Each structure stands twice: as C-alpha cells, then as structure tokens.
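Scroll down for the structure; my scribbles are underneath it.
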Amino acid sequence: KNNTIDKYGRTLAYVILPSGKSLNELMIREGYAKPLKDFECSELANYQKFNIFAKQGRKGLYALAKRF
C-alpha cells in the first residue's frame, strides 16, 4: 500500500517547522486536520488521540459540530 499519495493524488508527508514542531500534529491538536486510518504512519496512534481531544474540546472545525 502506498502511504505517500492519497486517492486524490495529494502527497502525504510530515511537515516539520523551523521550530522543530510538527505542523501535522499542531493542525490535528487544534482541530483543523484529522488522521486517516487508511494511511499507516508512525504517529497514527498519537494523531488519533490528539484528534479525540480536539473533538471533545470542540476545537477548530469541531467547534461548528452539533453535540449529540
């Protein structure tokens, strides 16, 4: 399975900022991106955990979601 290109032809990569922080992680923590289990990566478990916290905290795009 190719883990570098998604089904739309977009490149999948880790983006490390000059500060050394991961842009991927920051976006997930703030609720503006979510990890997809279709693509295995070394940080997937952490990204899934951060996504749950963002959703529970109604951050980013989750701020607009209705609570059920």
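The values are calculated or read from the model by the stated rules, or taken from the named source; none is laboratory data. Bear in mind that the values here come from a model prediction, so they are computed numbers and not experimental data. In this analysis, Cβ positions are derived from the backbone assuming ideal geometry, glycine residues included, and neighbour counts consider all displayed protein chains. With ligands, DNA and RNA removed, areas are computed over all heavy atoms of the protein, side chains included. Shrake-Rupley method; radii C 1.70, N 1.55, O 1.52, S 1.80 Å.
Numbers at a glance
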| quantity | calculated |
| --- | --- |
| Over the chain: helical MRE at 222 nm, DSSP H runs n ≥ 4 each giving -39500 (n - 2.57), nearest 500 | -8500 deg cm²/dmol |
| Trypsin sites (Lys or Arg not before Pro) within the chain: DSSP coil, no more than 14 neighbouring Cβ in 10 Å | Lys1, Lys7, Arg10, Lys21, Lys37, Arg58, Lys66, Arg67 |
| For q = 0.15, 0.19, 0.20, 0.27 Å⁻¹, Debye-computed log10 I/I(0) when each Cα of the chain counts as one equal scatterer | -0.53, -0.80, -0.86, -1.19 |
| Heavy-atom accessible area per residue - the chain, 1.4 Å, Å² | 81 |
| Estimated FRET transfer efficiency (Lys21, Ala63; beta-carbon r; R0 25 Å; 0.05) | 0.65 |
| Where GluC sites (Glu not before Pro) fall in DSSP loop in the chain, at most 16 other Cβ within 10 Å | Glu30, Glu40, Glu43 |
| Most mobile of Tyr14, Tyr47, Tyr32 in a GNM of the chain (Cα contacts under 10 Å) | Tyr14 |
